[in-house]
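Take a look at the structure below.
The values are calculated or read from the model by the stated rules, or taken from the named source; none is laboratory data. This is a predicted model, so every value here is computed, not measured. Glycine gets a Cβ as well: all are built from the backbone with ideal geometry, and neighbour counts include every protein chain shown. Keep in mind that these areas ignore ligands, DNA and RNA; they rest on the heavy atoms of the full protein, side chains included. Shrake-Rupley method; radii C 1.70, N 1.55, O 1.52, S 1.80 Å.
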Amino acid sequence: MAPKDPKDKDTEKSERPGFSRRDFLKSAGVGSIAATVVGVAEGEAQNTGPGPRINGPGDVPVTLTVNGRRVVLNIEPRVTLLDALRMRADITGNKRGCDRGQCGACTMIVDGRTRYACSTLAIEVQGMQIRTIDGLSTGNTLHPVQQAFCDADALMCGFCTPGFIMASVALLEKTPKPTETQLRRGLDGNICRCGTFVRIREAIVNVAQGVARG
C-alpha cells in the first residue's frame with residue numbers, strides 16, 4: 001500500500017470545519033452582549049406592561065409618611081425602613097439590635113400594626129402611616145406609655161426601650177385593658193437582654209388601669 005501524499009493532510013485540514021478558541025471567545029462575547037440587550041429590553045417591556053413596575057437597581061424616589069410628616073428620599077429598593085429613617089432621614093429613635101427581625105428593638109407601627117423595621121423594605125410601606133417613638137410625645141409631654149416606663153423604671157440600658165414602647169402602644173390601642181395572656185402575646189416579639197420584663201409589665205398595667213401620668 002502506497003504512503004499518503006503529505007498534500008493530502010493539508011487538504012483534510014482545509015476541508016475540516018474548524019472552530020478555534022478565538023472563535024469561541026468571540027461568539028461567547030457576542031452572546032453575552034445580546035443577552036444583556038434582551039434583558040434590558042424585557043425589563044423595559046415589563047415596566048411599560050400591565051404587571052408590577054421594576055425598580056432599581058439604582059436609587060429610586062420613595063415617599064414615606066412618618067409621624068404624620070411626608071418624607072421624600074432617593075434610595076435603592078433594597079434599603080430597609082430602619083436604614084431609610086435612621087441613615088437618610090435622621091429619625092433615630094428606634095434602634096438597630098439584631099438586624100435579623102428577632103429582638104424587636106426596631107419595632108415601629110405601620111397602619112396600626114407592629115413591624116420589624118430592620119426586615120421591612122422602605123419602598124413597600126409607601127402610602128402607609130408609619131409611627132416611630134420620635135412622634136409619640138407632644139412637645140415636652142410624654143406619651144402615657146413613655147411616662148409609665150419612666151415611673152416604673154422599666155428600662156436599664158434603654159436600647160430595647162423604643163421597640164417595647166411602640167409594641168406596648170400598639171397593644172393598648174387595640175386592647176386598652178389586656179389580660180395577662182394578651183399582654184404577653186403583644187410583647188412576644190420583643191426581647192430585653194437586661195431582664196426588665198417585670199417592670200415593663202408593671203408599666204403597661206399602670207397605663208391600662210389609668211395609674212400612669214401623661
Tell me the accessible surface of CYS192 in square angstrom (1.4 angstrom probe, heavy atoms of protein chains only), to the nearest ten.
10 Å²
Could you sort the peptides 132-138, 166-172 by per-residue average Cβ neighbour count (10 Å cutoff), highest mean leading?
166-172, 132-138
Mean separation of Cα contacts under 8 Å, 6 or more apart, over the residue count of region 66-214: relative contact order %:
27 percent
How high is the FRET efficiency between MET128 and VAL211 when r is their beta carbon distance and R₀ equals 45 Å, given to the nearest 0.05?
0.85
Residue-normalised value, i.e. accessible area per residue, for region 111-214 at 1.4 Å probe, in Å², stands at 56 Å²
Rank these by accessible area, largest first, 1.4 Å probe: LYS174, LYS95.
LYS174, LYS95
If you take the beta carbon distance between THR138 and VAL60 as r and set R0 to 30 Å, what does 1/(1 + (r/R0)^6) give as a FRET efficiency, to the nearest 0.05?
0.30
How many nm separate the modelled label positions at ARG185 and GLN102, each set 7 Å beyond the Cα in the direction of the Cβ?
2.5 nm
Using a 1.4 Å probe on heavy atoms of the protein chains only, the accessible area for VAL60 in Å², nearest 10, reads 20 Å²
May I ask for the net charge around PRO178, where only other residues with Cβ less than 13 Å from the Cβ of PRO178 are counted and Lys, Arg are +1 while Asp, Glu are -1?
+2
Mind giving me the nanometre distance, one decimal, between the label points for ARG53 and VAL72, set 7 Å out from Cα along Cα→Cβ?
1.4 nm
Rounded, prolate or oblate: which fits region 68-138, taking a ≥ b ≥ c as square roots of the Cα gyration tensor eigenvalues, rounded meaning a/c under 1.5, else prolate when a/b beats b/c?
rounded
When Lys and Arg each count +1 and Asp and Glu each count -1, what net charge do the other residues less than 13 Å away from CYS160, Cβ to Cβ, add up to?
+4
Between ARG113 and LYS174, what length comes free when the chain is fully extended (0.36 nm per residue of separation minus the Cα-Cα distance, one decimal in nm)?
21.0 nm
